[in-house]
Amino acid sequence: MLEIFIRDLSDELMWNGVHFDTNTVVPAWAMALYALVALVLFAYGWKKHLLSKLSTVDFVYVGLLSSLLVIWNFFLAPLIPSVTALTSWFYYPDIGEVVILLLVAALIGKPGSVTITVVVYDLLSDMFHYGFGGEPFWLLQEVLAKAVLLDLYLLLRGRFFATNVLGTSTEKDGELRLRTVPGLFLVDSVVGGLVVALDYPVFYRGFFATFVEGISYTSSYVLVTSLVSIAGGVAMGLLAAPLVIYVRKALTGTF
């Protein structure tokens with residue numbers, strides 16, 4: 001029944017698996033504006049020295065968690081029972097991605113770490129599963145939809161991500177002031193859950209699917225599945241929070 005929601009663009013001009021068609025739900029100018037704003041914010045973070053260098057341990061986490069993303073998406077997620085109502089309206093592989101990307105943010109806590117992890121994951125996926133057809137659009141989708149948003153959030157939370165600690169600096173001396181906000185770690189988890197959950201309905205169905213699969217979804221379908229994904233993202237974030245906190249505490253000894 002899904003065919004009623006899509007328009008096949010398979011006859012359009014193609015290059016490397018990319019369809020040259022701009023009949024997207026999300027306008028191309030809006031996606032370009034979003035990418036520009038994200039770039040400006042990252043440039044600001046770099047100027048303010050908010051983008052920290054990754055340590056050797058950080059790169060170990062990047063390698064392990066990007067590999068875990070590959071294992072989850074290509075070997076474990078397909079084992080989840082396929083329930084039509086669930087898989088049509090909610091992208092169930094997001095369940096594992098929420099946990100893994102939250103772990104990246106919690107264990108490394110440095111802006112840019114999520115983007116690096118997602119780039120490594122995308123390259124591994126191309127080499128061992130997908131092939132390089134449709135690139136660089138697959139990479140752009142993964143980075144713009146999930147990695148960039150989580151890294152921008154890390155500009156605010158940094159190493160205190162997935163904790164109840166709120167770190168703020170004063171304009172006068174730049175001194176870091178710490179205070180505890182009960183339940184703040186749940187906010188971090190919900191934000192991560194929402195970012196991952198909205199990737200597929202908004203960024204993929206709304207924009208990138210037109211280019212990489214020759215499929216144009218209707219705006220109503222994108223809207224409805226996005227609303228469903230918002231509820232799913234909140235639920236996934238809340239459910240993932242205890243596991244993320246446990247792993248963070250076990251590996252780093254901090255909460």
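Residue by residue through the range 150-159, note down the ones that are surrounded by fewer than 21 Cβ atoms within 10 Å (Cβ to Cβ) and at pLDDT 90 or above. Give the derivation first.
So the first thing to find is which residues in the range 150-159 are surrounded by fewer than 21 Cβ atoms within 10 Å (Cβ to Cβ), and the list is 152-153, 155-156, 158-159.
Hits for the range 150-159 are 152, 153.
Against the condition surrounded by 14 or more Cβ atoms within 10 Å (Cβ to Cβ), at pLDDT 90 or above and closer than 23 Å to residue 19 by Cβ, how does residue 139 come out, does it pass? In short, yes. Scanning the range 144-153 turns up one or more residues that are charged (D, E, K, R) and either within 16 Å of the chain's Cα centre (by Cα) or assigned to a loop (DSSP other than H, G, I, E, B) (or both).
Filter the range 94-136 down to residues that are surrounded by 18 or more Cβ atoms within 10 Å (Cβ to Cβ) and free of Cβ contacts under 8 Å to residues at least 40 places away in the same chain and give me whichever is nearest to residue 213 (Cα to Cα). Taking the candidates together, the pick is 122.
Suppose the filter is outside any helix (DSSP H, G or I), among the charged types (D, E, K, R) and either modelled with pLDDT of 80 or more or more than 24 Å from residue 156 (Cα to Cα) (or both); does residue 21 pass it? Yes; evaluated as a whole, the condition is true for this residue. Checked against the criteria, residue 76 does not count as modelled with pLDDT of 90 or more and over 14 Å from residue 111 (Cβ atoms).
Give the residues of the range 231-255 that are surrounded by 15 or more Cβ atoms within 10 Å (Cβ to Cβ) and either within 21 Å of residue 26 (Cβ to Cβ) or polar (S, T, N, Q) (or both), sorted by residue number. Give the derivation first.
Looking only at the range 231-255, we keep the residues that are surrounded by 15 or more Cβ atoms within 10 Å (Cβ to Cβ), and these are 232-237, 240-241, 244-245, 247-248.
Of everything in the range 231-255, those that are surrounded by 15 or more Cβ atoms within 10 Å (Cβ to Cβ) and either within 21 Å of residue 26 (Cβ to Cβ) or polar (S, T, N, Q) (or both) turn out to be 232, 233.
Hey, among 216, 189, which residue is more than 26 Å from residue 21 (Cβ to Cβ) and among the hydroxyl-bearing types (Ser, Thr, Tyr)? It would help to see each step written out before you state the result.
On the way: 216 fails: more than 26 Å from residue 21 (Cβ to Cβ).
Exactly one of 216, 189 is more than 26 Å from residue 21 (Cβ to Cβ) and among the hydroxyl-bearing types (Ser, Thr, Tyr), namely 189.
A search for C-beta distances below 6 Å between a residue of the range 201-226 that is assigned to a helix (DSSP H, G or I) and any residue that is of a type in the set (Gly, Ala, Ser), counting only pairs 6+ apart in sequence or on different chains, returns 201/226; 201/229; 202/226; 203/145; 210/216; 212/134; 222/206. Just to be sure, is residue 203 under 23 Å from residue 32 (Cα atoms), at pLDDT below 90 and buried (at least 20 other Cβ atoms within 10 Å of the Cβ)? In short, no. Here residue 223 clears all of (1) surrounded by fewer than 21 Cβ atoms within 10 Å (Cβ to Cβ); (2) within 27 Å of residue 20 (Cα to Cα); (3) touching a Ser or Thr at 6+ places or on another chain (Cβ under 8 Å); (4) not aromatic (Phe, Trp, Tyr) except the condition numbered (3).
The values are calculated or read from the model by the stated rules, or taken from the named source; none is laboratory data. Keep in mind the model is a prediction, meaning the values are calculated, not measured. FYI the Cβ positions are ideal-geometry reconstructions off the backbone, even for glycines, and counts take in every protein chain you see.
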